[in-house]
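Enquirer: Before I ask anything, here is the structure I am working with.
The values are calculated or read from the model by the stated rules, or taken from the named source; none is laboratory data. Just so you know, these numbers come straight off a predicted model, no measurement behind them. In this analysis, Cβ positions are derived from the backbone assuming ideal geometry, glycine residues included, and neighbour counts consider all displayed protein chains. All accessible areas refer to the heavy atoms of the entire protein, side chains included, with ligands and DNA or RNA removed. Shrake-Rupley method; radii C 1.70, N 1.55, O 1.52, S 1.80 Å.
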Amino acid sequence: MPHDDQKGSRLSLLLFYFLAFLLLWEWLRPLDNFTNTKHTGFFIVFIGLTFLLTFFRMRWFVTVPFCVLFTLISIHILFYQGSIFDLSWVSSFLQDVYLNITLIQSGQWNDMIPSFRTLLFFVLLWLLVYLLHYWVIYQRRILFFFMMTVAYITILDTFTPYDATFAVIRIVVVGFFMLGLLYLERIKLIERIILPKTSVLKWFLPLSVLVLAAVGFGLAAPKSEPAWPDPVPFLKKITNQNQVPAGESKIGYGNHDESLGGPFQQDHTLVFTWQGKERTYFRVETKDTYTGKGWVETDTGMSYQLSGGNVENLWFDHKVATERKVIRVKVDEHYGYNHVMYPIGAKAIQPKQAVSLEMNGNTEQISPISEQAGEVRNMGSYTVTYNSPVYKLDELRKVKVRNNSDEYTFSDRYMQLPDSLPERVKSLATKLTQDHDNMFDKVKAIEDYLGSNAFTYETEKVTVPKDGEDYVDQFLFETKRGYCDNFSSAMVVLLRSAGIPARWVKGYTSGQYKEAGNKNGSIYKVTNNNAHSWVEVYFPKQGWVTFEPTKGFTNPAQFTSSDTKDSGSGSSGSPEKTKEEQKEEKKQPEKKEKQKEKRETAVSKKPSASHTNAGTDWYLALAILAVLLVAAVLLYVFRSLWIPVFAVRKLKQRSDQHVFFEAYGALLKQLKRRGLPKRDSETLRDYAKRIDGKYDSKDMSKLTLRYERALYRNEDSAVLWNDSRELWENLIKRRWS
């Protein structure tokens, strides 16, 4: 029976909903830490509003449209551009839904795009709100969900970087309060009593003292060191598996870089193939603001349309020598982003599909104009003409680091550092650069330091900084291990600390050699494994120069000098060597195929991509488990609808001496599930009369009389059952209300 005004005040009902909301909120809090789920505020607001609608007993024709509308608006804000009133994005979204449904049918769970995952997550939360409503208001029980929440949080605390210390405390406090208050409500219902407020207060105060005392004792009690500090290696060892630990993310491009760190696993999903005569990095966007945990773009900037696909030179001074290059890109049809991947120096971008492009003035991301963004899943095939820079080391070494920030056009944006940055980071930057008198050598000193043996490239044992701990500071002084996000972020922060303008760039490396191709150059394939981040440094009167601090990667930028010793410039690439490699690829394809296999084998051992925001296997497994759990609970909740069908099929065809007794017992259970249990003080005849009186019928009394004849007079129960079968079937299938 529901909790109504006669059996409990509206205030207590609101309290139960609020406590249930707090418990469900705890399931959402960790998502930012170990999955690619961002902007969890949308989900929190959604469950809060859904609980409110349930509390005010809104009808389905209000609740359903509201939840659907809120879900669509949230998805548009998160994944689509342009006005929400431009319904073209709805058509694109429905196409994505249809595509993802086909992926589910074919078992390709990992290929689902983020917008569809978000839709499924909203549906899951909606179901959970209903289930909590049923458990709390109808059943007045919360123990099962409480224990599931505790298990969920403690597993995350054990197997992922999420720190659940305070989460456990919150869950225990909320859960114990709900258990105590719901137990009181069950007593009031069973005993049919109405307690005065003073009696309720007498119950509530000792409960509060007990809960708070238990929590305080737990916090104050001494804690021994864990006997099993890291269960993941142990589990991998005893199961002989090399699976990626829970909490790791898959590699690939993602929209959000606010919270970097944590392990990742390899992902060979194809992103695009390209053809060209020279390897290059493919930019997607830049970020200028370091927060201490990751990167954000504080000013989204004005986007301007690229007339005819032509791109203004934003990167080099006219003095910098360039070489004209052309590459042809083909994006995989399943790639879920519609941005352009392009080399620095892009001059013209010509898509094969009819789409107009625009560039964000701050992030330099190129994508379809807002009017077309919802219609374009990804860029498909396009051609990029770009000017590849050839920097002169002599000119770069003429540039001095000046204390007057007004000398730099980009000073304010690309010299930003958070106030919370530890002083030892700035001291390290000064120490590394103080022996050099020009900007280039200072930059190389920092790049070489990060490439030294003091640092290790690592993708698995990578930690997430704790609250109050700086991401770069942790990498430079504590762990000294990480992947490209660690190295590139550290270099930008050190450069800015040394007075050198720099920015963080993300995109893809050139990928792996695929085949020789034709006169247009060799063909390469780029997968999620090739997602990467690197550094661009601004040199006055020269422009932006690419640097590569991550160990194991080669800078694609070209440097020349009159001194042959400097031509390589550390990790910088040599143009002559690149041409020789291309000739070798054309002349010896078989040899290249062998080299290709070696490179692909080495991918799992050497750095090839950055930590990303793609969906994780752990998140997928958790989602599937949650769906199965919800399905099981729904079957239990609505058992009064489907159990009669099975009971009829099981008993209808039987004609033995025991079937009548089993059938009558099944009917009593069904009536109890429908909220009409037999009272202890009632006889079967009294109970049957009450049922018939409630629904203006005599069916229950007729069946009961025949049942008593079989039970007490020992008449032939098989014959009586044969006469009563249809009557029993109508009763057990009846929709009691």
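Enquirer: Filter segment 63-86 down to residues that are open to solvent by less than 60 Å² (accessible area, probe 1.4 Å), modelled with pLDDT under 85, more than 14 Å from Pro114 (Cα to Cα) and of a type in the set (A, V, I, L, M, F, W, C), then give me how many there are.
Expert: 1
Enquirer: Answer with yes or no whether Met379 is at pLDDT below 90 and touching a His at 6+ places or on another chain (Cβ under 8 Å).
Expert: In short, yes.
Enquirer: Now for a separate question. Can you tell me which residue is most open to solvent (accessible area, probe 1.4 Å) among those in segment 295-334 that are at positive phi and more than 27 Å from the chain's Cα centre (by Cα)?
Expert: The extreme case among them is Gly308.
Enquirer: Taking segment 440-455 on its own, how many of its residues are open to solvent by 60 Å² or more (accessible area, probe 1.4 Å) and among the polar types (S, T, N, Q)?
Expert: Counting residues in segment 440-455 that are open to solvent by 60 Å² or more (accessible area, probe 1.4 Å) and among the polar types (S, T, N, Q) gives 1.
Enquirer: Still on this structure: May I ask you to say which residue of Asp680, Asp692, Asp696 is on the phi > 0 side of the Ramachandran plot and either at pLDDT below 85 or buried (at least 16 other Cβ atoms within 10 Å of the Cβ) (or both)?
Expert: Among Asp680, Asp692, Asp696, only Asp696 is on the phi > 0 side of the Ramachandran plot and either at pLDDT below 85 or buried (at least 16 other Cβ atoms within 10 Å of the Cβ) (or both).
Enquirer: Which of the residues belonging to segment 317-373 are among the small types (Gly, Ala, Ser), within 26 Å of Gln558 (Cα to Cα) and assigned to a strand (DSSP E or B)?
Expert: Matches in segment 317-373: Ala321, Ala346, Ala348.
Enquirer: While we're looking at this one, here's another question. Look through segment 91-102, keep the residues that are in contact (Cβ under 8 Å) with a residue 24 or more places away in the chain and open to solvent by less than 70 Å² (accessible area, probe 1.4 Å), and return whichever of them is nearest to Gly41 (Cα to Cα).
Expert: Selected residue: Phe93.
Enquirer: Tell me, which helices (runs of 4 or more DSSP H) lie completely within segment 630-737 with 1 or more residues that are among the small types (Gly, Ala, Ser) and within 44 Å of the chain's Cα centre (by Cα)?
Expert: Qualifying helices (runs of 4 or more DSSP H): 639-651.
Enquirer: When you look at Ser681, is it polar (S, T, N, Q) and either over 30 Å from Tyr134 (Cα atoms) or touching a residue at least 60 places away in the same chain (Cβ under 8 Å) (or both), yes or no?
Expert: So Ser681 does not fit the description; no.
Enquirer: Where the second residue is open to solvent by 10 Å² or more (accessible area, probe 1.4 Å) and of a type outside the set (Asp, Glu) and the first is touching a residue at least 60 places away in the same chain (Cβ under 8 Å) and farther than 17 Å from Arg685 by Cα and lies in segment 699-726, which pairs have Cβ atoms under 6 Å and are six or more apart or on separate chains?
Expert: Pairs found: Ser717/Gln657; Ala718/Ser655; Ala718/Gln657; Leu720/Arg706.
Enquirer: If you don't mind, there's one more thing I want to ask. Among the residues of segment 335-355, count how many are open to solvent by 10 Å² or more (accessible area, probe 1.4 Å), under 16 Å from Thr280 (Cβ atoms) and not basic (Lys, Arg).
Expert: So the count comes out to 2.
Enquirer: Within segment 275-297, can you find the residues that are within 22 Å of Ala346 (Cα to Cα), part of a loop (DSSP other than H, G, I, E, B) and not charged (D, E, K, R)?
Expert: Hits for segment 275-297 are Thr280, Tyr281.
Enquirer: Just give me the residues in segment 459-478 being closer than 15 Å to Phe264 by Cα and open to solvent by less than 70 Å² (accessible area, probe 1.4 Å), in sequence order.
Expert: Passing the criteria: Thr459, Val462, Thr463, Val464.
Enquirer: In addition: Tell me whether segment 111-120 contains one or more residues that are modelled with pLDDT under 85, assigned to a helix (DSSP H, G or I) and among the small types (Gly, Ala, Ser).
Expert: So far as segment 111-120 goes, yes, one or more of its residues are modelled with pLDDT under 85, assigned to a helix (DSSP H, G or I) and among the small types (Gly, Ala, Ser).
Enquirer: Sticking with this structure for a sec: Of the numbered conditions (1) open to solvent by 30 Å² or more (accessible area, probe 1.4 Å); (2) closer than 15 Å to Leu24 by Cα; (3) without any contact (Cβ under 8 Å) to a residue 40 or more places away in the chain, Trp60 fails exactly one; give the number of that condition.
Expert: Result: Trp60 passes all but (2).
Enquirer: Separate question: Quick check on Gly292: is it more than 29 Å from Asn338 (Cβ to Cβ), at pLDDT 80 or above and surrounded by 15 or more Cβ atoms within 10 Å (Cβ to Cβ)?
Expert: yes
Enquirer: Can you go through Ser115, Ser92 and tell me which one is within 15 Å of the chain's Cα centre (by Cα) and among the small types (Gly, Ala, Ser)?
Expert: Ser115
Enquirer: Moving to a separate point now. Select from segment 703-737 the residues that are hydroxyl-bearing (Ser, Thr, Tyr), open to solvent by 70 Å² or more (accessible area, probe 1.4 Å) and more than 21 Å from Gln670 (Cα to Cα) and list them in ascending order.
Expert: Listed by number, the list holds a single entry, Tyr712.
Enquirer: Restricting attention to segment 162-205, and to residues there that are assigned to a loop (DSSP other than H, G, I, E, B) and in contact (Cβ under 8 Å) with a residue 40 or more places away in the chain, which single residue is most open to solvent (accessible area, probe 1.4 Å)?
Expert: So, considering only residues that are assigned to a loop (DSSP other than H, G, I, E, B) and in contact (Cβ under 8 Å) with a residue 40 or more places away in the chain, the one most open to solvent (accessible area, probe 1.4 Å) is Asp163.
Enquirer: Which of the residues belonging to segment 139-154 are open to solvent by less than 70 Å² (accessible area, probe 1.4 Å) and part of a helix (DSSP H, G or I)?
Expert: Those that are open to solvent by less than 70 Å² (accessible area, probe 1.4 Å) and part of a helix (DSSP H, G or I): Gln139, Phe145, Phe146, Met148, Thr149, Val150, Ala151, Tyr152, Ile153, Thr154.
Enquirer: Moving on. I need every pair where a residue in segment 335-355 that is at positive phi has its Cβ under 9 Å from the Cβ of a residue that is open to solvent by 30 Å² or more (accessible area, probe 1.4 Å), sequence separation at least 6 or different chains.
Expert: Gly345/Asn313; Gly345/Thr322; Gly345/Lys325; Gly345/Asn387
Enquirer: Could you say which residue among Glu358, Glu371, Glu375 is surrounded by 18 or more Cβ atoms within 10 Å (Cβ to Cβ) and charged (D, E, K, R)?
Expert: Answer to the selection: Glu358.
Enquirer: Here's a follow-up. Six or more apart or on different chains, Cβ atoms under 7 Å: show the pairs whose first residue is in segment 416-439 and assigned to a loop (DSSP other than H, G, I, E, B) and whose second is among the polar types (S, T, N, Q) and open to solvent by less than 80 Å² (accessible area, probe 1.4 Å).
Expert: Close Cβ pairs satisfying both conditions: Gln416/Thr289; Leu417/Ser497; Pro418/Thr291.
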